[in-house]
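Here the structure comes first, spelled out in structure tokens, and everything after it is commentary.
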Amino acid sequence: MRRPSRESIRLLAGMLAVATAMALLSGCSTAPPPKLSVALFQNRTDYAPRLLEVEITNHGSGDVVITAATFVSPYFAGTGRAGHLPYTLVAGTTTDFSAQVPAAVCDAPNAKPSVSVTGRDAHGTEFRQTLTPTVPFDSLQTLHAQDCGQQAFERVATIVPAPHLRFEQRNGKEIALLDLVIAPTGASGSVRLLSTTGTTLLIPVEGELRMLDLIFTASSPPTTLTLDYVPSRCGTHFISEDKIGTLIPFHAQAGSFADAYFRVAVSPEVKSEFYDWIGRVCGQ
């Protein structure tokens, strides 16, 4: 029997080494990226602090650690960054992360936002994904319109609530009066304050809707508008759970906005005075 030559042995050994390496590499193929989806929206509790929820869903079979999540949109200047991270997002679950909304860009086009998510998969491998979010309730467009409607109004006239409430008795009931000074800025153009409505805590004495129809231009004198309120309802939990009950809503015509809707915040002192008054009137 003829023995194989040394050259044949070396060739066979090389072939075996290559086959072994290929087998090992086939067992170490790159893991697929995490299966994530995202959404952007606002809860009622987000209105006052001007937050947006970055909702992330893990559709995969393994847990992932989210280390950062940001969103950008032509509607807003800069980047919104989600808080309360890092966070382990268990497979098959969804979690919302609050992000501060940047200032509005009022001449921006209506373009789709994007969300960037970074983290580590179940194997500890770092990843970064840029995703197109769903936007339930048209949250971004609504928030952008409110911001820009208010900016258009305040370019011509500002609305400044008084530092304290006033109170008076009417037909045996204590009424809360909030004075607001509306002062033209001197800018060109005109704005019209159409109406105000009730909130989750307050309702105008006139009813849910109070018509105003006040026009302001650069030549208008400062005007004091007094809003008189009764509690919209009674119950200690309404106050303890309140988020937007002392944000005063307005409808207005300003710039290109035929029906701008925005809310004006009162000071912490006035907010506390509203709560104390509701407690007195409701006998709490």
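Laboratory data are not the source of any read-out in this text; all were calculated from the coordinates shown. Values in this document were obtained by computation on a predicted structure and should not be read as measured data. Here the Cβ positions follow ideal geometry from the backbone for every residue, glycine too, while neighbour counts run over all protein chains shown.
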Estimated distance in nm for a label pair at Thr45 and Arg233, the labels positioned 7 Å out from Cα along Cα-to-Cβ: 1.8 nm
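Over the chain, what portion of Cα pair distances is larger than 34 Å, expressed as a whole percent? The partial results should precede the final answer.
Details: 17634 of 40186 pairs.
Cα-Cα pairs in the chain separated by more than 34 Å: 44 percent.
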Where trypsin sites (Lys or Arg not before Pro) fall in DSSP loop in the range 26-97, at most 11 other Cβ within 10 Å: none
Residue-count net charge about Tyr75 - beta-carbon cut-off 11 Å; Lys, Arg +1, Asp, Glu -1: -1
Table column - 3J(HN,Hα) (Hz), the range 224-238, Karplus curve with 6.51, -1.76, 1.60, x for Gly and Pro: 9, 9, 9, 9, 10, 10, 10, x, 6, 5, 10, x, 4, 6, 5
Degrees, to the nearest 10: 268-281 long Cα axis against longest axis of the chain: 60 degrees
Projected label distance in nm at Asn110 and Ser219, using a 7 Å step from Cα toward the beta-carbon: 3.7 nm
Length released on extending from Thr79 to Lys173, taking residue separation times 0.36 nm less the Cα-Cα span: 29.0 nm
Spatially proximal lysines relative to Lys271 (Cα-Cα < 30 Å; intrachain offsets below 8 disregarded): Lys173, Lys243
Spacing of the two label points (7 Å from each Cα toward its C-beta) at Thr134 and Asp96, in nm: 1.5 nm
Proximal charge balance of Phe262 [Cβ under 15 Å; K/R count +1, D/E count -1]: +1
Karplus (6.51, -1.76, 1.60) ³J(HN,Hα), θ = phi - 60°, over the range 81-94, in Hz, Gly and Pro reported as x: 10, 6, x, 6, 10, x, 8, 8, 9, 5, 4, x, 10, 10
Theoretical FRET efficiency, 1/(1+(r/R0)^6), r = Cβ-Cβ of Ser272 and Ser195, R0 35 Å, to 0.05: 0.85
Residue-span extension gain [Ala103 to Leu212] - 0.36 nm each, minus C-alpha spacing: 36.4 nm
